[in-house]
Structure formats: structure tokens, C-alpha cells
Amino acid sequence: MGSAQSTPMLTPAQRAATIQQRPRQQEAELYTSLDEKFDVVRISNHTSSSRKLDSSILSSNPSHVSSAKTEAYIHHLLQDSKNRLALSALSTANPNAVLEKPSAIAKDTQFFNLTLPHEGSPVTNQRSSGRCWIFAACNVFRIAIQQKYNIKSFELSQSYLFFWDKVEKANYFLESILGTADEDIGESRLISALMASPVGDGGQWDMVVNLVAKYGIVPQSLYPVTWNAMNSGVMDRLLTTKLREHALTLRECVAMRRDKDAIAAKKEEMMQDVVRILTLCLGPPPSRDEKFMWEFYDSKNVYKTVEVTPLEFADTTHVKKFISLTNDPRNEYNRLLTVSHLGNVWEGRPITYVNVDKIVLKEACVAMLKKGLPIFFGSDVGKQSDSYRGIMDTDLIDYELGFNTPLNLTKAQRLLTGESQMTHAMVLTAVHLDVDSKPVRWRVENSWSASAGTEGYFVMSDKWMDEFCYQAVVDPSVVHKDVRDVLGQKAKVLPLWDPMGALA
């Protein structure tokens, strides 16, 4: 093996002087260890050591940052050996990994005393797409199908629902543009929100209900996944660009007082553009009204066939009967919430949430598991979580230890400030209860492949569920009558940009 040319060692003072003379992009090459970084910090501040050190950052005018005071503060900060140790650890690795607490990892085990009699198989993988809500729904639906047909492993076609969701969202967007055509596009926050994501990958439970009720479901073998389903970014950007163009055209048609037939004809052309792009990217989907033949082996390895339409195949889902509970402490509990201009199927089932206390939500989830039913739920998955280990726990990462500053926002404050919202949908399949039948931890089926977590499954502490779970879809029979009665209320309408309008 060849050897690299050696470089003469410089004293810390020489190195500090050299840094001031060389281009900034070469600074990293001058350091061979973090110890030398510390030496440079000490030497660079030596000449100003006579200055009074305090903890100030702001200048005498508190609207401005003082560079001199900031430099003095940094010097003062690094006099503390704990901060130097923190710098050594946190600047050379992912702070989340450095600050994970072994005690949290040790207690978040995959052992539960209340489990589903049957979990779905295989573990699914949404890959580089935002289809988690479709995956979560399909993972809920397939359990009943596996039991009905006595099969060990089965996967529904997420791409089938994905195709029709894009078509319906495009139509919903164009109708919304027509409905807001009299608003100033430069001033309207609603139009800005609509334009931001006309056909994003995300969705909600009621959107699943609309799709399954209108188009049914099919096995994955009947409509396999394509590259663009697994990597939806290019297709989404193309659709978004075209729909924004179409939106301006429709607004112009309204401004020119075109008649309804002319506008409808123009919109027809636009929808053909959308369907053409989707068909060429995802492939032509099976007809919802024609019977398909599904071939499979049951658990005893006996060959079977089934001939049904997609709508008939969806009979096992009972999708319309389930309701969506949410825990939003900003809003009154036992109150029906909805979100303006959020949906996929125009004039379909609206997005609705029954807002309840977190205890009510969790009791309903436990009752669902006791009935042998999986739970679709939505949460902010990126907070206090480790996707490699498959752990979600408010105790997992000790930011205060590393940075000497606590994070004190409440759940309501996180929603108010935009710090948190629903970002991901998964499925609850088990819970561990203590001696008082209170939840301790939950088992979560994710859609990030078997390589994430424990063979695709995560564990969620009960405290994490309190803080970062926002939604659970349950059978109305598992909640009290006063909760069911909320469905009869006139819903409080939240704006499209509200955190409850976030799509998992």
C-alpha cells in the first residue's frame, strides 16, 4: 500500500494564524482533531479575554444581534467542560442518536398482553411516496380478507386507490378553483392553500371511505405497483404544474363570462390531461364494474379462485361504519370538527373528526383490540422517534441533557405554533396494559418495510400517544352514546391551513 505525504505539525498558535490567511473553504483541512478546534477557540479569544464576559447576545438595541457579545458568549460557553464534551459528541454525529436514553430503549419492548388474533402479512413498504394513509387502510382491510379466504399472506393494491385518488383530487381542485374564481388570487389565503398542493400524496380516513365506496378494492396481483407509485415525486410535480396552469385558465374563463357548457368542456379537456398522465405513469386500472379473477393458495396450499368486481370485493371492509376520533386540545371536546375545502371525491363524505379527550380516544382503541379489530391512526411520527429501532417515546431523546434547554410546549401549543401536526398514518395491533388495565405501550404496524423497527413493527409508549397521536378510527360501538351523538352536531369548520387539515 502507498503512503500519503506527511504534513508538518503546527502549533495551535501557528494553526490559528494560518486559518486567518487561507480561504474559508479550506478551514476543515486544517483541523485534524476536535482538540485543535478547541485550541483555536481559546487562542482566537485570548486577545479579548480582558473584555467583560456575560451571557448577552443582543446589542444595546435589543432589536439587533451584537457580534462581539456573541463571540464572547461562545468563548464563555466553551469554558465549561460539559459543553466541550457536548461539542465533541454532537458536532460529529446525529444529535438524536447521541442523546438517546438507554433506559427508554430497554423498556420499549415488543411484548404485549392484549393482541389481535391475526396480524396482516407481509409487512408493506410505501417507499418514496406519501401513500401511508392508503397503506394503513389497506393493512386494516386485508385482515378480514385473510380470515375470510384463509390465507397467510396477502396484499391489496395500494396503487389502485392511489390512481383514483389522484383523479378525484384533480377534479376536486378544479371545482374548488371555480368556486373561488371571484376571489383575488394575490390576496386569498384559501386560493394560496389550494394551489400549494392540488394532488398531494397524503390523505385522510374519510378520503379512503370515498374511494372504496366508489371504486372498491383489488388484490395487488391484479394491479401491481409501478416505479411512479413507489417514487411519486416526478409524477406529482408534473400534475401539480399542469393543474396550476389549468386553474388560471378556468379563472380566466369565469372572468370572460364563458357559459357553463364552455367551462365544462374546458374542464373535460383538463381532466383528460390528468388521466393520461396517471395512466401512462401507473398503468390502466381494472374496471370497478367488471369481475376480475383472483387466483391464490389458501393456508393449506389449496388452489382457489374468486370472481368478483372491485366493489363486491370491498364488502368485507364495512368502511362506512367507522368514525374518526381526534384529540385536539385547542378545541372543545365532544365537538364535531371538519375542514373547509379538504377532500377528494367532490360532494362525497366530508372530512369529519369527533374531538375527544385523549383518555376517551385510548379507551376506544383498547376496546377495538379487545374486539379483535385493528386501528387506523394518525400521528406526528418524526417527534421523539427512532425509525431504525422502531421506537416512539417522549423519553427517548434527552435534548435538555445535550443542549441545556428544555422543550416545554404543550400539545395545544405545538398545534397553535405549527410545531406539530398529523404527518403519518399507521395501524395499532396490540397494547400492553398494567395491573390497573391502563395502557403502557402499543404495537404499531408501519409501512416502511421489514427493515424498519422490529421486522416492520414499532413500539409506541403511552405517553408518546398522548402527545403526538391525533386520530384513531374506531367502530362507533366502542364509544359511549354521548360521543356517538356528536356526529349529529353541526360541525365547527376549520380553515384548510389548520393543522387538522394536514394529510397523513
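The values are calculated or read from the model by the stated rules, or taken from the named source; none is laboratory data. None of the values given here were measured: they were computed from a predicted structure. Methodologically, a virtual Cβ is constructed for each residue, glycine included, from the backbone with ideal geometry; neighbour enumeration extends over all protein chains shown. For accessibility, only protein heavy atoms count, side chains too; no ligands or nucleic acids. Shrake-Rupley method; radii C 1.70, N 1.55, O 1.52, S 1.80 Å.
Contact map, the stretch 120-138: first residue without any contact (Cβ under 8 Å) to a residue 60 or more places away in the chain, second residue outside any helix (DSSP H, G or I) and aromatic (F, W, Y), Cβ cut-off under 8 Å, separation 6 or more or different chains; pairs are S121/F154. When we screen I177, I151, I143 for residues that are among the β-branched types (V, I, T), touching a Lys or Arg at 6+ places or on another chain (Cβ under 9 Å) and assigned to a helix (DSSP H, G or I), the only hit is I177.
Could you tell me which residue of the stretch 442-483 is surrounded by the fewest Cβ atoms within 10 Å (Cβ to Cβ), considering only residues that are basic (K, R) and in contact (Cβ under 8 Å) with a residue 12 or more places away in the chain? For the stretch 442-483, the residue satisfying everything is K463.
The set of residues in the stretch 39-89 that are at pLDDT below 50 and either open to solvent by 90 Å² or more (accessible area, probe 1.4 Å) or within 40 Å of the chain's Cα centre (by Cα) (or both) comprises R42, H46, T47, S50, R51, K52.
Scanning the stretch 214-250 for residues that are open to solvent by less than 40 Å² (accessible area, probe 1.4 Å) and not in a loop (DSSP other than H, G, I, E, B) yields a count of 13. If I filter the stretch 463-479 for residues that are in contact with a Gly (Cβ under 8 Å, 6 or more places away or on another chain) and either of a type in the set (S, T, N, Q) or not in a strand (DSSP E or B) (or both), do I get at least one hit? Yes.
Per the listing L415, L428, the residue uniquely among the aliphatic types (A, V, I, L, M), out of contact with any strand residue (DSSP E or B) (no Cβ under 6 Å at 6 or more places or on another chain) and closer than 29 Å to Q126 by Cβ is L415. Going through the stretch 405-430 one residue at a time, which ones are open to solvent by 20 Å² or more (accessible area, probe 1.4 Å) and of a type in the set (V, I, T)? Listed by number, the residues that qualify are T405, T410, T417, T423. Taking the stretch 157-196 as the range and being open to solvent by 30 Å² or more (accessible area, probe 1.4 Å), in contact (Cβ under 8 Å) with a residue 60 or more places away in the chain and within 16 Å of A255 (Cα to Cα) as the test, the residues that pass are E175, L178, D182, I185. When residues of the stretch 90-116 are filtered for being more than 23 Å from G402 (Cα to Cα) and either open to solvent by 60 Å² or more (accessible area, probe 1.4 Å) or at pLDDT below 95 (or both), how many remain? Residues flagged as more than 23 Å from G402 (Cα to Cα) and either open to solvent by 60 Å² or more (accessible area, probe 1.4 Å) or at pLDDT below 95 (or both) within the stretch 90-116 amount to 3.
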